[in-house]
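Just so it is clear, none of the values below were taken in a lab; they were calculated from the coordinates. Predicted model only: the values in this text are computed from it and were never measured. Positions of Cβ are backbone-derived with ideal geometry, glycine not excepted, and every protein chain shown enters the neighbour counts.
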Amino acid sequence: MQRLDFSPFYRSTVGFDRLFSRLDTLVAEDAKSYPPYNIERTGEDTYRVTIAVAGFSSGDIAIETKENSLQVKGSRASGSSEKREFLHRGIAERAFELRFQLAEHVEVSGASLENGLLHVDLKRELPESKRPRQIEIASTTQTIEDKTVN
């Protein structure tokens, strides 16, 4: 796999060194292929992670957020009393764990399971102190009046 060099970005940005370091580590990691997932932007400040979890019920899946990370775990109950004989086994039923790094101020707003797809909705809400605001420029010009009496 080809390694990307982010060093040119270090000299033209201020305060983003953690971001590029994180990108370096993400590129080095192997991409997880099970279960497949999509990450999509659904609005200006809303996102959705969709994970294909065929064969899992809502009781088999745990979603947890902690310190800017989202963790989704799935495991099926192994105490199945019936013995099944497969002629072809194409649906994986193995346990999984996916971790997603969330940006600051991104919170999970909800989750739903429909048609074998787990949808985790995310929303970015900036606090009032972090929102952009207009700064008024004070004028320092002085007017000089002629106070001579004629």
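Evaluation of Pro127 against the conditions (1) surrounded by 10 or more Cβ atoms within 10 Å (Cβ to Cβ); (2) under 22 Å from the mean Cα position of the chain (by Cα) shows that the sole unmet condition is (1).
Contact map, the stretch 84-109: residues that are under 30 Å from Pro127 (Cα atoms) and in contact (Cβ under 8 Å) with a residue 60 or more places away in the chain paired with residues that are of a type in the set (Phe, Trp, Tyr) and part of a strand (DSSP E or B), Cβ distance under 8 Å, separation 6+ or inter-chain. Pairs shown: Leu98/Tyr37.
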